[in-house]
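First the structure, in the form of C-alpha cells, and then the observations on it.
The values are calculated or read from the model by the stated rules, or taken from the named source; none is laboratory data. In this text, all values refer to a predicted model and were calculated from it rather than measured experimentally. Ideal geometry is used to build each Cβ from the backbone, glycine not excepted, and the neighbour counts take in all protein chains shown. Side chains included, ligands, DNA and RNA excluded: accessible areas come from the protein's heavy atoms. Shrake-Rupley method; radii C 1.70, N 1.55, O 1.52, S 1.80 Å.
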Amino acid sequence: MGLFAKFKAGLQKTHSKLVHEIKRIVTRSPKLDARGIEDLEAALIGADLGMELTTQIIDKVKLSYETQGRDGSDFFTIAAGVVEGSFTQIDSQLKRAPEGLTVVSIVGVNGTGKTTTAAKLASLVQSQGDKALLAACDTFRAAAIEQLKLWGERLKVEVIAGSYGADPASVSHDAVTAALARKAQFLFVDTAGRLHTKHNLMLELQKLHRVMAKQLPGAPHEVLLVLDATTGMNAMNQAREFHKAVPLTGLVVTKLDGTSKGGMVVAIQKELGLPVKFIGLGEQADDLQPFDAAQFAAALFKE
Ligand SMILES: Nc1nc2c(ncn2[C@@H]2O[C@H](COP(=O)(O)OP(=O)(O)O)[C@@H](O)[C@H]2O)c(=O)[nH]1
Ligand SMILES: [Mg+2]
C-alpha cells in the first residue's frame, strides 16, 4: 500500500463522518446560510479539530463564498488547505544523534500504545537499514516484558530486559551499554504506563532519563509521548503534565483507525506546539507512519 492509501485507510472513520456530514450540509444549503455555517462548525468540532482551527476554516469558507461566489464543493479544498497550513512550522523527522547511538524514550499513560509503538519504530528504522535495540523498561508488569520480547522475536530485534520488578533505570543502563556495544543506531526505550498526576512515578521517569544521560551525554535524544486518539481532548492534559515533568520532543498519536475524531491531531499540535512525529493507524508493524501534513489533510477531506 502506498503512503497516501495508508493514511486514507487509517483515517477512514474520521474521513467518512466528516465528508458525509459536510456533503449533507452543503447540498442542503449550497449558498451557506447561517444555519449551514453553524452545522459546518458543529461537524468540524465533532471531529475534534478544535475551536481555533474550526473558526479559521469557517472564516475562510465564508470569505470565499461571499467574495468569490463559490459553492459547497469548494469546502473540502479550503478545509484541507487550512489544516495543512497549520502544520508548516513543524519538523516531524525522528531525531538522530550527530554520531553514534540515538536513544528514544517512549512515555505515556497506560494502554496508549507505547510498547507497540516502540516495536513499530524499531521495525521502521530497521527497514531503512539502521540497527535498532529495544529496552523493556516497563518492569511493572511481567506481561509487558513478554509482549516486547515477542515483538523482538517477530522483528528480529534484540530486546534488553530485566526481571519483573527490577529498577527500570538499571534496565535502561544495561540497554544503553548493549546498544553501544552492538554499534546500534537506535535504542527504543519502552517505559511503564503512568498517570500524569502521579508525582512519584514522574520522578521515576526523570531518574530513568538521568541515568541514560550520565552514560551517554545527550540521551534520551528524543522523548516521545504516546497519546491514544480515542481519548480525545483528555490527551491534551496528559501532554501538558508530562511535558512539565520530562521535556517532550514529540508526540505519537495512536489508534487513529479507531476514531472519527482524528482532528485531535491538529488541535493538539496547535495547542502544545509539539510536533506530531508519528501516527498509529493499526496494530501491525507497518501501521506506524511518519506524520505528513499534506497527506493527513488530504486523507481527512479529499472526496
Ligand atoms: N487499532 C490500533 N490499535 C493499536 C494502535 N497502537 C496500539 N494499539 C493497540 O492498543 C493496545 C495497547 O497497546 P500497548 O502497546 O500494549 O500499550 P501500552 O500499555 O502503552 O504499552 C494493544 O492491543 C495494541 O495492539 C493503533 O495505532 N491502532
Ligand atoms: Mg506497554
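Every listed requirement among (1) farther than 23 Å from T197 by Cα; (2) open to solvent by 40 Å² or more (accessible area, probe 1.4 Å); (3) near ligand 2 (Cβ under 10 Å from one of its atoms) is met by T116 save one, (2). Scanning segment 148-166 turns up one or more residues that are within 13 Å of ligand 1 (Cβ to nearest atom) and aromatic (F, W, Y).
It is to be established whether one or more residues within segment 79-89 are among the β-branched types (V, I, T) and in contact with a strand residue (DSSP E or B) (Cβ under 8 Å, 6 or more places away or on another chain). No, because not a single residue in segment 79-89 is among the β-branched types (V, I, T) and in contact with a strand residue (DSSP E or B) (Cβ under 8 Å, 6 or more places away or on another chain). Every condition in (1) of a type outside the set (S, T, Y); (2) open to solvent by 30 Å² or more (accessible area, probe 1.4 Å); (3) more than 17 Å from A293 (Cβ to Cβ) is met by L3 except one, and the failing one is (3).
Scanning segment 96-104 turns up one or more residues that are more than 9 Å from ligand 1 (Cβ to nearest atom), in a loop (DSSP other than H, G, I, E, B), open to solvent by 10 Å² or more (accessible area, probe 1.4 Å) and touching a Gly at 6+ places or on another chain (Cβ under 8 Å).
Where helices (runs of 4 or more DSSP H) fall wholly inside segment 185-303, the ranges with 2 or more residues that are within 24 Å of F140 (Cβ to Cβ) and away from ligand 2 (no atom under 16 Å from the Cβ) are 199-215, 234-245. Close Cβ contacts (under 8 Å, 6 or more residues apart or on different chains) running from residues in segment 108-125 that are not assigned by TED's automatic domain parsing to the domain that holds Q206 to residues that are more than 6 Å from ligand 1 (Cβ to nearest atom) and part of a helix (DSSP H, G or I) are absent. Exactly one residue out of S16, S64, S86 is among the polar types (S, T, N, Q) and either open to solvent by 70 Å² or more (accessible area, probe 1.4 Å) or within 20 Å of the chain's Cα centre (by Cα) (or both), and it is S86.
So A235 ticks every box in (1) open to solvent by less than 10 Å² (accessible area, probe 1.4 Å); (2) within 21 Å of T116 (Cβ to Cβ); (3) over 12 Å from the mean Cα position of the chain (by Cα) but one. Which box is left unticked? So A235 meets the others, but not (3). For F7, the conditions (1) touching a Phe, Trp or Tyr at 6+ places or on another chain (Cβ under 8 Å); (2) at positive phi all hold with the exception of (2).
Quick check, is G111 at positive phi, under 17 Å from the mean Cα position of the chain (by Cα) and not in a helix (DSSP H, G or I)?
Working: at positive phi: yes; under 17 Å from the mean Cα position of the chain (by Cα): yes; not in a helix (DSSP H, G or I): yes.
Taking the combined requirement at face value, the residue satisfies it.
Out of everything in segment 153-177 that is open to solvent by 10 Å² or more (accessible area, probe 1.4 Å) and in a helix (DSSP H, G or I), what residue ends up being nearest to A213 (Cα to Cα)? The residue in question is H173.
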